[in-house]
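Student: Following this message is one structure expressed as structure tokens.
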Amino acid sequence: MRLYDIGLYQGHRYLSMELLVGRGFDELMGAPLPLGQALAYLLQLCRGLQAAHERGVVHRDIKPQNLFVTQDDVVKVMDFGIAKASETNNLTRPGMVAGTPRYMAPEQITGFSTVTAAADLYSVGVVAYQMIAGVLPFDHEEMMPLIMKKLNEQAAPLRSHRPEVPPELDAIVLRLLDKDPRERFASCSELALALQTLRLPRSA
């Protein structure tokens, strides 16, 4: 989302940003998306996040409500309200929790370790899983059972929900959901490269 200006007018601070016309990702999540569409959105999301990460900013709250698709099918990443510069000392210190539990990385939930760009990649994995499978990889109406699932259980393969998903795509998403940040992709650029090499079935 483009920021055009920041200023002060009659004693009030303001932000001037682009006007977006389209719909939020949360409006798309009622059913699985066509694989080609999901892949196109994921690639755009990767590029947007990579731009933030290259500037040292970790979003920390990637979820459908913070993603927008314009009328031209352009994906916008919104609401950097809890984002932090990765070089700052207070980037989600141990014991601090910030984000939305269903989409948060395990290290965000526990608050035991410093949160890095790898946490955004985990959240991308949750969004990807939901776009493709039509369900969340981990879900529960109550907070503690949800947290225990995320910390202790493995996500079911996408192919268990949708058999036509290519094994390579399944592996990519499950890697994003790895509980160890070191086992995820090293960057959004690396993830985008893996996605670009996929061959989807013609029916997708």
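Student: In terms of the Cα gyration tensor, with a ≥ b ≥ c the square roots of its eigenvalues, is the range 103-204 rounded because a/c is under 1.5, prolate because a/b exceeds b/c, or oblate?
Tutor: Verdict is oblate for the range 103-204.
Student: Are any of the pairs 76/179; 76/150; 150/179 more than 19 Å apart by Cα-Cα distance, and if so, which?
Tutor: 76/179; 76/150
Student: Next question, about the same structure. Once you have the Cα-Cα distance between residue 74 and residue 110, take 0.36 nm times their residue separation minus that, and quote the gain in nm to one decimal.
Tutor: Extra length available between residue 74 and residue 110 comes to 9.6 nm.
Student: Please compute one quarter of the surface area of the Cα convex hull for the range 21-196 and express it in square nanometres.
Tutor: 9.6
Every number in this text was worked out from the coordinates using simple rules, so none of it is lab data. Just so it is clear, the model here is predicted, and its values are computed rather than measured.
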